[in-house]
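Worksheet: one structure, shown below.
The values are calculated or read from the model by the stated rules, or taken from the named source; none is laboratory data. Fair warning: this is a prediction, and the values are worked out from it, not measured in the lab. Please note: Cβ atoms are built from the backbone with ideal geometry, for glycine as well, and neighbour counts cover all protein chains shown.
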Amino acid sequence: MITKQLIDPQSIVVVGGSNDVHKPGGKVLKNLIDHKYKGKLYVVNPKNDIVQGIKAYRDVRDLPQVDLAILAIPAKFCPETVEILAFEKNTKAFIVLSAGFAEEGPQGAELERKMVEIVNKAGASLIGPNCIGVLNTNYAGVFTTPIPKLDPNGIDMISGSGATAVFIMESALPKGLTFNSIWSVGNSAQIGVEEILEYMDNTFDPEKSSKVKLLYIEKIERPQKFLKHARSLIQKGCRIAAIKAGSSEAGSRAASSHTGALASSDQAVSALFRKAGIIRCEGREELATVAAILQQKELKGDRIAVVTHAGGPGVMLTDALSNGGLKVPTIDPEIQKDLLEHLFPGSSAANPIDFLATGTAQQLDYILQTCEERCDNIDAMAVIFGTPGLFKVFDAYDVIHKHIVKDKKPIYPIMPSVSEAAEEIKHFQSYGHQSFHDEVLFGKALVKVYKTPRFQVDKSSAADIDRELIRKIIDQATDGYLPPEQVTQLLDAAAVPRVPERIAYSQQEAVKYSQELGFPVVMKVVGVLHKTDVGGVVLNISDEQQAARAFAKIMEIDGAKAVLIQPMISGIELFVGAKAEEKFGHIVMAGLGGIFVEVLKDVNSALAPVSMDEALWMLDNLKGKKLLEGVRGSKGVDRQKFAQIIVNVGQLVSVAPEIAEMDINPLLADGEKIYAVDARIRVRK
């Protein structure tokens, strides 16, 4: 729980505060003093009566009542100190900077457990241990620097690593970003990322709360809680960008199905982020760049004007935007002609609009006014303006400031001369603006911001499936791969269309069923997992004699129990699967089948249950999307029907969480017809 004393304490004690500002206890005290904490400030130090000008107590028992305690003492003393403060001094919030807890082994873990037990019993909050602290507009409770400018309209940042929080600030501050709060959760013994998101969600005020949240996450302990509150914040108007470290750890786990081999914990994280609408970043600079983009007016379209006084950066930015799927459209010829009349000879107005190194502030003003008022095919302007080293550029930066304030379209200022124009950049940022220093990093970040989906909660696409039958089948099932009869029952109950089929246990049945289904047919071994590897699939059986011979051949395979018979159909091979991921629920995956899933791994994923919008996004973002649309005279795939099957599979695994993994591979699609041809479902109860 997060108490009001943690957010806005009226009194703070630094236990372990000292005069040595090179130690955490001394530095956190100095930061509290330097940043003018307005409440009562106390220190506990066993050797000094005055510490940094503040009266010090030799023992915590001598303190008056105090709201928040910041501990910078050895781990072994922390539980007892917390207990005294919680029950004798009515302390309701604790920030434990000290290390030496669960991160160091069983003995430390036991100290941490005792401390959490005490804090919970007292109804108090605990941040840490092993953290840098908490920083907000009420107090600077951290032992590190820099201390950024604090602003209610600034960014909220939550970090699982204290050092990384500092380094993110180092990336953010040169861009002109400000912060509203910084939370370093350390070991997250009581309060982690999920609890802070919950607090931000429950206390969100659209008029006063920060609209941008940055996260650095090393573990997600409660994914469903994380999803609930992150999604809620985004639907209330916030934007969230996050780094999730440790993405490659589980990527090579072996599994017996395509879905199991493809799915990983990291894919679960990506699917979780997509479902919430979180922008996933790979590094600190990208995270800070995304944050600066989110502080601008929202980009409503994908058409960007690149305005530059330097050709190379303009071309590189154009490449970054275009390669990412944003457009840099040509300016209308008549408008180009007018622009060139106002620019120096040699300028270009096609887009990029290059007005040369000697271009003036007045020319920049005219270009931006033209893009804002006359270019209907432009949704935003990215302005690259450094310094040619010939003159100061205050006037150009004031022009950019003026247009950012008055124009409806977003303007992204890229100011690469971080040393030569440092004075001018500082002047520009003093207006409250952010700036970007690298055009390619900016371009890639803008693509990521624009293309991160924000799905709405959509219950209308929930499948009309037979939940009662699904539960009956699963309740009766045993662990392991289900027999074909139960697989087909589950597919039917989940409204997944499938190819008609029969199971033959004798040659006579094989011939009879082949005739009923209509030649040509395909026969597949029942009872062996990897059918193709053992010669357990016979195609294009065209008469009774071939049917009898194929049955006999298949039944000679070691482990064969029966033969599955289906009519031969053709079409585009598709794939849908699902896998249970611990704590996250099920990852549902879909894409093209055959070689595309086995070799190219061209699939997309979503967390179950899957909405229709999510399913359509999965299909629209496949590398092989063009094949779904139909090429060289093929009919393509009914996109809506394929998406509905994905939704239905998401419903199936939501109703039956005991399904450990399942494959439908292939689905065969021929125009409007889509049939499940082969499926495997493994249950783990």
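Observations on the model:
- Residue check for Asp613: in contact (Cβ under 8 Å) with a residue 40 or more places away in the chain, surrounded by fewer than 23 Cβ atoms within 10 Å (Cβ to Cβ) and out of contact with any strand residue (DSSP E or B) (no Cβ under 7 Å at 6 or more places or on another chain): yes
- Among the criteria (1) on the phi > 0 side of the Ramachandran plot; (2) over 21 Å from the mean Cα position of the chain (by Cα), the one Ser188 does not fulfil is (2).
- Among the residues of the range 652-669, the one identified as in a strand (DSSP E or B), of a type in the set (D, E, K, R) and more than 24 Å from the chain's Cα centre (by Cα) is Asp663.
- Selection count where residues are closer than 17 Å to Ile378 by Cα and not polar (S, T, N, Q), scope the range 338-358: 7
- Against the conditions (1) at pLDDT 95 or above; (2) crowded, with 19+ Cβ neighbours inside 10 Å; (3) assigned by TED's automatic domain parsing to the domain that holds Ala656, Phe551 satisfies every one except (3).
- Meets criteria (under 30 Å from the mean Cα position of the chain (by Cα), crowded, with 20+ Cβ neighbours inside 10 Å and over 28 Å from Phe436 (Cα atoms)) for Ile127: yes
- Subset of the range 426-458 [of a type in the set (Phe, Trp, Tyr) and closer than 25 Å to Gly312 by Cα]: Phe428, Phe436, Phe442, Tyr450
- Residue among Thr370, Thr358, Thr330 that is at pLDDT below 95 and either polar (S, T, N, Q) or not in a loop (DSSP other than H, G, I, E, B) (or both): Thr358
- Filter result for Leu356 (over 21 Å from Glu298 (Cα atoms), in contact (Cβ under 8 Å) with a residue 24 or more places away in the chain, surrounded by fewer than 23 Cβ atoms within 10 Å (Cβ to Cβ) and among the aliphatic types (A, V, I, L, M)): yes
- Look at (1) surrounded by 24 or more Cβ atoms within 10 Å (Cβ to Cβ); (2) at negative phi; (3) more than 21 Å from the chain's Cα centre (by Cα) and you find that Gly133 fails only one, number (2).
- Test: residue in the range 279-299 that is surrounded by fewer than 18 Cβ atoms within 10 Å (Cβ to Cβ), assigned to a loop (DSSP other than H, G, I, E, B), polar (S, T, N, Q) and modelled with pLDDT under 95: no
- From Gly593, Gly585, residue being in the same structural domain as Glu661 (by TED's automatic domain parsing) and closer than 15 Å to Leu667 by Cβ: Gly593
- Of the candidates Glu112, Glu104, Glu80, Glu88, the single residue that is among the acidic types (Asp, Glu), in the same structural domain as Gly16 (by TED's automatic domain parsing) and touching a residue at least 60 places away in the same chain (Cβ under 8 Å) is Glu112.
- Unmet criterion (only one of (1) without any contact (Cβ under 8 Å) to a residue 60 or more places away in the chain; (2) among the β-branched types (Val, Ile, Thr); (3) farther than 29 Å from Gly237 by Cβ) for Val405: (3)
- Taken together, the residues in the range 399-428 that are assigned to a helix (DSSP H, G or I), touching a helix residue (DSSP H, G or I) at 6+ places or on another chain (Cβ under 6 Å) and of a type in the set (A, V, I, L, M, F, W, C) amount to 2.
- Residue that is farthest from Val212 (Cα to Cα), among those in the range 176-186 that are assigned to a loop (DSSP other than H, G, I, E, B) and out of contact with any Asp or Glu (no Cβ under 6 Å at 6 or more places or on another chain): Gly186
- Among the residues making up the range 383-398, those that are buried (at least 23 other Cβ atoms within 10 Å of the Cβ) and outside any strand (DSSP E or B) are Phe385, Val393, Ala396, Tyr397.
- Taking the conditions (1) outside any helix (DSSP H, G or I); (2) assigned by TED's automatic domain parsing to the domain that holds Cys371 in turn, Asp338 satisfies each one other than (1).
- The number of residues in the range 201-228 that are among the hydrophobic types (A, V, I, L, M, F, W, C), under 18 Å from Ala189 (Cβ atoms) and outside any strand (DSSP E or B) comes to 2.
- Unmet criterion (only one of (1) of a type in the set (Val, Ile, Thr); (2) part of a loop (DSSP other than H, G, I, E, B); (3) within 18 Å of Lys27 (Cα to Cα)) for Ile70: (2)
- Scanning the range 136-157 for residues that are crowded, with 22+ Cβ neighbours inside 10 Å and within 20 Å of Pro24 (Cα to Cα) gives Tyr139, Ala140, Gly141, Val142, Phe143.
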